[in-house]
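Participant: Starting off with a structure, shown below.
The values are calculated or read from the model by the stated rules, or taken from the named source; none is laboratory data. In this text the structure is predicted, and so the values were computed from the model without any measurement. Every residue, glycine as well, gets a Cβ built from its backbone with ideal geometry; the counts of neighbours run over all protein chains shown. The accessibility values were calculated without ligands, DNA or RNA, using every heavy atom of the protein model including side chains. Shrake-Rupley method; radii C 1.70, N 1.55, O 1.52, S 1.80 Å.
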Amino acid sequence: MKIHTFLIILLLITLSSCKLVDYDSVKVENETIVEKQIDSLLEIMTIEEKVGQMNQYNGFWDVTGPTPKVGNAVKKYEHLRKGWVGSMLNVRGVKEVRAVQKIAVEESRLGIPLLIGFDVIHGYKTLSPIPLAESASWDLEAIKNSARIAAIEASASGINWTFAPMVDISRDARWGRVMEGAGEDPYLGSKIAQARIKGFQGDNLSDVNTIAATAKHFAAYGFSESGKEYNTVEVSASTLNNVVFPPFEAAVKSGVKSFMNAFNELNGVPATGNNFLLRDVLKEKWRFDGFVISDWGSISEMKDWGYAENDKEAAKMAVTAGSDMDMESYIYIKYLVHLVKNKEIDEAIIDDAVRRILRVKFELGLFDDPYKYCDDKREAEMIGNSKHHEAVLDVAKKSIVLLKNENNLLPLKKNGQKIVLIGALASDNNSPLGSWRLAADDNTAVSVLQGMQNYKGNDLIFKKGADVSIGKTAFTKEVVINNSDKSEFNEAKEAAKSADVVVMVLGEVGFQSGESRSRTNLQLPGVQQELLEEIYKVNKNIVLVLNNGRPLALTWADKHIPAIIEAWQLGTQTGNAVAQVLYGDYNPSGKLPMTFPRNVGQVPIYYNYKNTGRPVNSNNNVFYSHYIDVESSPLYPFGYGLSYSTFQYSNLYLKPVSLMADNPKIEVTLNIKNTSNTDGKEVVQLYIRDLFASVVRPVKELKGFELIELKAGETKAVSFILDKSTLGFYNNNGDYIVEPGKFKVFVGGSSNTSLEKEFELN
Ligand code: NOJ
């Protein structure tokens, strides 16, 4: 009898002794049952089998890291049969997953099922916008739903665990992985992390269409020095506690099942071997009961950091610090058994790691049915389901940010216009899919050209103008696309001359952002800026549609181009979403989740900066905090985005229910009016500033937001509560405190708020 059959019987016996009416205790009892089942398993597992659970192998279908030197030499099937593998990554599709699961379950001694992990980052086959874009929707329901769709498709394809969401806060647009996160703000980032986890894991992890989520990369990866990938990180205790940690802590509170290490070192200690991060904070302070997976090869990379002398030492350091599973270092399986037998590692550490891994397997229901994710019929029905296309179109529209709309150039008229569409990205079916889309087929996005062709009333002419630039089109290949060829400029200029409106789609190719795609230049890549300026010489009626995976520096465009739309990389339905916004069938309401700089020299730039001792030029001299060659303010601030409607904020009112610092409660109310003739939506944002504190606080901190729908001319009252959870901060010991003193409250439609009021806590 295999162990899962044995465990089911054990479960039934235990359940039959439960009082069926005692609902409150059912969860606790279920948890106790799982822990007892894990106890029973641990008792019969050999040390080799235990370490096996902590070992993950790559199926090598999708290359998501440097191919390890030892990787191909390992006898993976033999290890599966011996029960020396707890998880596989980059194996996908029911047929393939069933094949490896079958070996683990039917051929190994204990038949413990495998976790099948995969980077389901913004969809599986049907793609949502890249995560940064989606975050611009500030629409938590839409974001949750997008993760839900991803989970439904991935789970139908055999996957039971995603390496998402990435919850790294970053203030550095040079870093390519900003495309994968929720931007620069810890409050917004925490809410989005929770929405995504809820979407992936659903209400019940044992449902067949839910998958375990991963909060990554713990921690501070988004602060890699100079935006360079995998680089050193030095952050203060204050930034760590108040900016980096909150989305991770929120993820634990949402019941996320796993954490992934970061590649970086943090203040001198690699994250993978970092006791403070993994033991003190994650497992003790936050009481996280899931498990920690290393990042790809990050255990072994502690040697390259100059932290571990050799692989054996790296394995010991990582497991002691609290990294429970080894992805692609191949060293837990090689050294841990020996280290335990030699008494260099306490077996209790191994037991704890294995318990955490098994717990997730139980919660997923894999012991009840190891093949629950391997249903060919469900796979055929769910992958690319038309409902999923509707859902990703919905979130794609919501992710678009209108950056500029002079003289209401947008929306475009639907009839009788000559529209010239320019830019290689306009007809591109691949780039809009963005980075991190391993299971999606190439060239499956609706292009902007195709989306606009659905509007038949205008004369639409397409000219490429120029290719994009040098790009990496896949994880391994680097392809020269164009960095100098202007031979098609003239044809585009000729066409543009007589156009009523020129729509230019410019930006980055899909793989110009993402892992290992750091840039030192944030302008439009290649010859696109020149193309834009050349076209502008013959026709000023330009709508610039941006496709990009990071904030860009668009100072020239902002000065000259009358209408600008930030359309990021919106996934499978990109072209339809963009066309609906261009033609006014959808009124945009997106707001930037990251500050857009004027030039790269301002980076890192973010709205929640600290004031400095010399914030303004008060004495008419040079000695204040500024640049001499560019304004200090960003080009577009965090939280900014326009609509075809206009809004007016008024009547900000604070009602202090309690002004006691140990238990504060302030009600904030305001009115918002749609002052236009167009129905629309607005993200109402609430910020605070703690004016004087024992640790210097930022000039503004987001503490609430609400997406409000308003009919033309309509006014609505909006209210927020400020309490202990929003008025405090972490001191440098990591303790959360609320201090007496004065606070400011700001409300508005961006971090450049329009209204403010003050209150004081006693
Ligand atoms: C490396 C990336 O940093 C991580 O985010 C990803 O999940 C793994 N590779 C697996 O592909």
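Participant: Restricting everything to alpha-carbon atoms, can you work out Rg to Rh for the stretch 65-135 with a Kirkwood hydrodynamic radius?
Facilitator: Rounded to two decimals, Rg/Rh equals 1.09.
Participant: Only bridges whose two residues both fall in the chain count here: according to DSSP, what percent of them are antiparallel, nearest 5? Can you show the working numbers first?
Facilitator: Numbers: 53 of 93 bridges.
Among the beta bridges of the chain, antiparallel pairing accounts for roughly 55 percent.
Participant: Shifting gears a bit: Contact order normalised by length for the stretch 245-348, with contacts defined as Cα pairs under 8 Å and 6 or more residues apart; what percent is it?
Facilitator: With pairs under 8 Å counted, the relative contact order is 27 percent.
Participant: With all protein chains present, how much of the accessible area of the stretch 395-602 (probe radius 1.4 Å) comes from carbon and sulfur, to the nearest whole percent? List each step's numbers first, then the result.
Facilitator: Working: 2940 of 6880 Å².
The computed percentage sits at 43.
Participant: A further question on this structure: Would you work out if the stretch 395-602 is rounded, prolate or oblate? Take a ≥ b ≥ c from the square roots of the eigenvalues of the alpha-carbon gyration tensor; rounded if a/c is under 1.5, else prolate when a/b is larger than b/c, oblate otherwise. Walk me through the numbers on the way to the answer.
Facilitator: Numbers: a/c = 1.35, a/b = 1.25, b/c = 1.08.
It is rounded, given that a/c, with a ≥ b ≥ c, falls under 1.5.
Participant: Quick one: Karplus J couplings for the stretch 546-559, per residue in order, coefficients 6.51, -1.76, 1.60, θ = phi - 60°, nearest Hz, x for Gly and Pro?
Facilitator: Residue by residue, the stretch 546-559 yields 9, 10, 6, x, 7, x, 10, 9, 10, 4, 5, 4, 5, 6 Hz.
Participant: What are the residues whose amide H is under 5 Å from the amide H of residue 741, where those residues sit 5 or more places off or on another chain and H is modelled from the backbone?
Facilitator: The list, which skips near neighbours in sequence, is 761, 762.
Participant: Quick check on packing: order 36-48, 427-439 by the mean number of other C-beta atoms within 10 Å, highest mean leading.
Facilitator: 427-439, 36-48
Participant: Rounded to the nearest 0.05, what FRET efficiency is calculated for residue 338 and residue 107 with R0 set to 35 Å and r the Cβ-Cβ distance?
Facilitator: 0.90
Participant: Putting +1 on Lys and Arg Cβ atoms and -1 on Asp and Glu Cβ atoms, find which of 754, 675, 719 reaches farthest to the positive end of the dipole of the stretch 647-761.
Facilitator: Toward the positive end, the furthest listed residue is 675.
Participant: So what is the orientation-averaged projected area of the stretch 647-761, using the convex hull of its C-alpha atoms, in nm²?
Facilitator: 6.8
Participant: Let me ask something additional. How large is ³J(HN,Hα), in whole Hz, for each residue of the stretch 666-674 in order, when computed from phi with the Karplus curve 6.51 cos²θ - 1.76 cosθ + 1.60 and θ = phi - 60°, using x for Gly and Pro?
Facilitator: 3J(HN,Hα) across the stretch 666-674, in whole Hz: 10, 8, 10, 10, 7, 10, 10, 10, 7.
Participant: Run the numbers for residue 237 and residue 78: contour at 0.36 nm per residue of separation, minus the present Cα-Cα distance, in nm.
Facilitator: 52.6 nm
Participant: Counting only heavy atoms of the protein chains, get the accessible area per residue of the chain (1.4 Å probe) and round it to a whole Å² value.
Facilitator: 38
Participant: Still on this model: Can you give the extra length, in nm with one decimal, that the chain gains between residue 521 and residue 733 once fully stretched, where that is 0.36 nm per residue apart less the Cα-Cα distance?
Facilitator: Contour length minus the Cα-Cα distance gives 72.6 nm.
Participant: Given a 1.4 angstrom probe, I'd like the percentage of the accessible area of the stretch 690-745 that is carbon and sulfur, rounded to a whole number. Walk me through the numbers on the way to the answer.
Facilitator: Working: 1270 of 2610 Å².
Roughly 49 percent of what the probe reaches on the stretch 690-745 is carbon or sulfur.
Participant: Taking 8 Å as the Cα distance limit and 6 or more residues as the minimum spacing, I'd like the relative contact order of the stretch 647-761 as a percentage.
Facilitator: 31
Participant: Under a point-charge model restricted to the Cβ atoms of Lys and Arg (+1) and Asp and Glu (-1), what is the dipole moment magnitude of the stretch 555-674 relative to its Cα centre, in debye to the nearest 20?
Facilitator: 260
Participant: Turning to a different aspect of this structure: Indicate the gyration tensor shape class of the stretch 596-680 (rounded, prolate or oblate), computed on the Cα atoms with a ≥ b ≥ c the square roots of the eigenvalues: a/c under 1.5 is rounded; otherwise a/b larger than b/c is prolate and the rest oblate.
Facilitator: On the way: a/c = 2.51, a/b = 1.30, b/c = 1.92.
The shape class here is oblate.
Participant: Sticking with this structure for a sec: How many angstrom separate the Cα center of the stretch 32-54 from the Cα center of the stretch 329-403?
Facilitator: Result: 18 Å between the Cα centres.
Participant: I would also like to ask the following. Report, in debye and to the nearest 20, how large the dipole of the chain comes out about its Cα centre when Lys and Arg carry +1 and Asp and Glu carry -1 on their Cβ.
Facilitator: Taking the Cα centre of the chain as origin, the dipole is about 860 debye.
Participant: Taking H placed 1.01 Å from N in the peptide plane, check which residues at least 5 places from residue 292 or on another chain put their amide H under 5 Å from its amide H.
Facilitator: 259, 324, 325
Participant: Could you sort the peptides 621-629, 664-672 by per-residue average Cβ neighbour count (10 Å cutoff), highest mean leading?
Facilitator: 664-672, 621-629
Participant: Could I ask something else about it? Starting from the Cα of residue 82, draw a straight line to each of the aspartates and glutamates and keep only those under 13 Å, dropping any in the same chain fewer than 8 residues away.
Facilitator: Output for residue 82: 48, 49, 106, 107.
Participant: Below 8 Å, C-alpha to C-alpha, sequence gap of six or more: please give me the relative contact order for the chain in percent. Let's see the in-between values first.
Facilitator: Working: 1830 pairs, mean separation 98.9, N = 762.
After rounding, I find 13 percent.
Participant: OK, next. What is the dipole size for the stretch 647-761, taken about its Cα centre, with +1 at each Lys and Arg Cβ and -1 at each Asp and Glu Cβ, in debye to the nearest 20?
Facilitator: On the way: 14 positive and 15 negative charges, 39 e Å.
With only Lys, Arg, Asp and Glu charged at Cβ, the dipole is about 180 debye.
Participant: Assuming a ≥ b ≥ c are the square roots of the Cα gyration tensor eigenvalues, decide whether the chain counts as rounded (a/c under 1.5), prolate (otherwise, with a/b larger than b/c) or oblate.
Facilitator: Prolate, since a/c reaches 1.5 and a/b exceeds b/c.
Participant: Could you work out [θ]222 nm for the chain from helices alone, using -39500 (n - 2.57) per DSSP H run of at least four and dividing by all its residues? Round to the nearest 500 deg cm²/dmol.
Facilitator: -8000 deg cm²/dmol
Participant: Determine, from the Cβ-Cβ distance of residue 757 and residue 387 and an R0 of 51 Å, the FRET efficiency 1/(1 + (r/R0)^6), rounded to the nearest 0.05.
Facilitator: 0.65
Participant: Still on this structure, please answer the following. Taking amide H positions as placed 1.01 Å from N in the peptide plane, with prolines and chain starts having none, which residues 5 or more places from residue 465, or on another chain, fall under 5 Å of its amide H?
Facilitator: Hits under the 5 Å cutoff: 423, 492.
Participant: Same structure, new question: At 7 Å along the Cα-to-beta-carbon direction for both residue 694 and residue 621, put a label point, then send me their distance in nm to one decimal.
Facilitator: Simple spin-label model gives 3.6 nm for this pair.
Participant: Still on this structure: Round to the nearest 0.05 the FRET efficiency obtained for residue 30 and residue 633 when R0 = 60 Å and r is the Cβ-Cβ distance.
Facilitator: Given R0 = 60 Å and the Cβ-Cβ separation, E is 0.65.
Participant: Got a sec? Charge dipole of the stretch 395-602, +1 on Cβ for Lys and Arg, -1 for Asp and Glu; which of 425, 565, 535 is way out at the positive end?
Facilitator: Comparing the listed Cα positions along the dipole, 565 ranks first.
Participant: Sticking with this structure for a sec: Length gain on complete extension for the stretch residue 714 to residue 377, per 0.36 nm per residue less the alpha carbon to alpha carbon distance?
Facilitator: Contour length minus Cα-Cα distance gives 116.4 nm.
Participant: For the pair residue 407 and residue 742, how long in nm is the line joining their label points, each one 7 Å along Cα→Cβ?
Facilitator: The two pseudo-label positions are separated by 4.6 nm.
Participant: Mind ranking 637-646, 597-606, 726-735 by how tightly packed they are, going by the mean number of other C-beta atoms within 10 angstrom, highest first?
Facilitator: 637-646, 597-606, 726-735
Participant: Here's another thing I want to ask about it. Straight distance only, please: which lysines reach the Cα of residue 456 with their own Cα at less than 20 Å, same-chain residues fewer than 8 apart left out?
Facilitator: Cross-link targets: 413, 414, 418.
Participant: Here is a further query. For the stretch 276-348, what is the Kirkwood estimate of the hydrodynamic radius, computed as the reciprocal of the mean inverse distance between distinct Cα atoms, to one decimal in Å?
Facilitator: Details: mean 1/r = 0.0800 Å⁻¹.
Kirkwood radius, the stretch 276-348: 12.5 Å.
Participant: I would also like to ask the following. Step through the residues of the stretch 639-648 one at a time and calculate ³J(HN,Hα) from phi using the Karplus curve (6.51 cos²θ - 1.76 cosθ + 1.60, θ = phi - 60°), rounding each to whole Hz and writing x for Gly and Pro.
Facilitator: x, 7, x, 9, 9, 6, 9, 10, 10, 10
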